[in-house]
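Throughout, read-outs are computed from the coordinates displayed, never taken from laboratory work. Values in this document were obtained by computation on a predicted structure and should not be read as measured data. Neighbour counts run over all protein chains shown; Cβ positions are idealised from the backbone, glycine included.
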Amino acid sequence: MEKLFKLKENGTTVKTEIVAGLTTFMTMAYIIALNPNLLTGFGSQGGQGLWNGIFLATCIASAIGMFVMAFVANKPFAMAPGMGLNSFFAFVIAQIVSITGLSYTQSFQAGLCIILIEGIIFIVLSILNIRDKIVNAIPLGVRLGIGPAIGLMLMNIGLGSNAGIYSEKGGPFFVMRDFFGSLTANFAKDSMGSGYGAMVLTVATMFIGLFTIIVLAHKGVKGSVILGMLVASVLYWAGQAIFFKANPFAALTSASWVPPFKDMAENTLFKFNFGSLAQIGWFTIITLIITFCIIDMFDTIGTLVGTAAKANMLDKDGNMPQMKEALLADAVGTVAGACTGTSTVTTFVESASGVEAGGRTGLTALTTGIIFLLCMFIAPIAAIIPAAATSSALIYVGILMLSGLKKIDFDDITQTAPVFIMLLAMPVSGSIGHGIGLALITFTIIKLFTGKAKDVSVLTYILSAIFLVKFFLAI
């Protein structure tokens, strides 16, 4: 282990890395079931066979990406099919169905060709160091602000959108909007109907979990994040049993524990449908590939830089050593996703939870990847982790990531303005890439009109122009 991951050099131990990997997994385990749900309209499109294929692809492609991250880059970052990218991919599939008249499964197989091409492009760009140069072209002030912006995004996910409760009144209901956003408790109770009790349980256990993490971390207890999540989970399960007479472990007895490899082989494994893809037109195909590339590239760059900053992995110039290898792992994960049957695999922002738990090397990523593979056999266990426990960890890590703001020169408006635009844009848009894009545009315009155009690199001008085209032409 020492020879492979250089644990002593990075100031960590096997135990710490394994706990960090498990912590990361628990905060992102939701993707295992959510990704096939989103890509099949919660099972309404493509049938159970397609859902099963995407489920296995999610586990396998994520693990492959993390193994490359572990052994090639030796970084603690986890990967999975990216949120936002999967929803956009589902929209693209629906458009292919509309244009071609093909079945959803056939259209899905056509869409996988786009993901394959995107992944191959990224592998080439990574090998040629072009993606690395793009990272370095981002102004230092913006790079320093990425971590805090991601922190706000994590807090927004935890506080704003991680409940997703349904009732006869509709849904999903969210913590910040429907519970704290209500004028009175009676208004919230009336608007959520029977879902109000579940929301109260979620909010109570979420904050108890958060406070547990904070107290344990303050006392220097290792594994505070995972212990806090465990406390929140146990309280949530107890609340379900006591107040709602529900069995929180029902999924463990009713679910299948046998991986549906046959469904994967029939529906998603190397099922590239280039012939059907050509029916939507080459201009549309090229536009879609560019769009996926832009979103994925800057989401990945933002996550890597922001999380690395929190782990003190950046050098004095704000650059991360072995960025090329980390980006290559992301590209390999995307190709693996296309080959097995899922949308773009990217570095997950929830990796920050593992970093906070002490993860500093590839052993963290390896641990998370192994658990993802095991989930092909133990998926029901991942499914019972409550959203309240995940929220506790995400909010805590988000708070910690705000500390990066102290490195920004607040006396320089050319630094602070782009950063604060990004701080607002990232959680509101739900996209790391869009937040960085707006920050780059803001930085470039300010420099141009303050007589400091020479401070902007040629590549930064190009990136700003690309984002302007993307935003205003809706590419």
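A cut-off of 5 Å between modelled amide H atoms, ignoring neighbours fewer than 5 places along the same chain, links Met79 with Met66, Phe348. Here the contact order of segment 405-473, divided by its residue count and restricted to Cα pairs under 8 Å and six or more residues apart, works out to 25 percent.
When His434, His218 are sorted by how many other C-beta atoms sit within 10 angstrom of their C-beta, beginning with the fewest, the order is His218, His434. Do any GluC sites (Glu not before Pro) in segment 1-66 lie in a DSSP loop with no more than 12 other beta carbon atoms within 10 Å, and if so, which? Counting only loop positions with at most 12 other Cβ atoms within 10 Å, the GluC sites (Glu not before Pro) in segment 1-66 are Glu9.
With helices as the sole contributors, the chain gives -22500 deg cm²/dmol at 222 nm; each DSSP H run of n ≥ 4 counts as -39500 (n - 2.57), and the sum is divided by every residue. For segment 321-430, chymotrypsin sites (Phe, Trp or Tyr not before Pro) meeting the loop criterion (DSSP other than H, G, I, E, B) and having at most 13 other Cβ atoms within 10 Å: Phe410. Cross-link reach is defined here as a Cα-Cα straight distance under 30 Å, omitting same-chain residues fewer than 8 places apart; for Lys75 the lysines meeting it are Lys3, Lys6, Lys8, Lys15, Lys133, Lys219, Lys222, Lys310, Lys316, Lys324, Lys406, Lys407. The longest stretch of the chain left intact once loop-based trypsin sites (Lys or Arg not before Pro) with at most 11 other Cβ atoms within 10 Å are removed from consideration, loops following DSSP, is 9-218. Ranking of Asp190, Asp132, Asp330, Asp455 by neighbouring Cβ atoms within 10 Å, starting from the fewest: Asp190, Asp455, Asp132, Asp330. Among (i) 27.3; (ii) 22.8; (iii) 22.0, only one was calculated for this model; which label is it, if the read-out is Kirkwood radius over Cα pairs in Å? Label (ii) holds the value from this structure. Taking all Cα pairs closer than 8 Å and separated by 6 or more residues, the relative contact order of the chain comes to 35 percent.
From least to most packed, judged by other beta carbons within 10 angstrom and beginning with the fewest, Thr40, Thr23 follow the order Thr40, Thr23.
So the label point goes 7 Å from the Cα of Met176 along Cα→C-beta, right? Which residues of segment 141-160 then have their backbone N under 13 Å from it? Label zone hits: 149-160. Treating r as the C-beta distance of Ile462 and Thr414 and R0 as 22 Å, the FRET efficiency rounds to 0.70.
Taking amide H as placed 1.01 Å from N in the peptide plane, the amide H of Phe173 sits under 5 Å from that of Gly164, Ile165, Tyr166, each at least 5 places away or on another chain. Contact order, relative form, for segment 1-127: 20 percent (alpha carbon pairs under 8 Å, 6 or more residues apart, mean separation divided by residue count).
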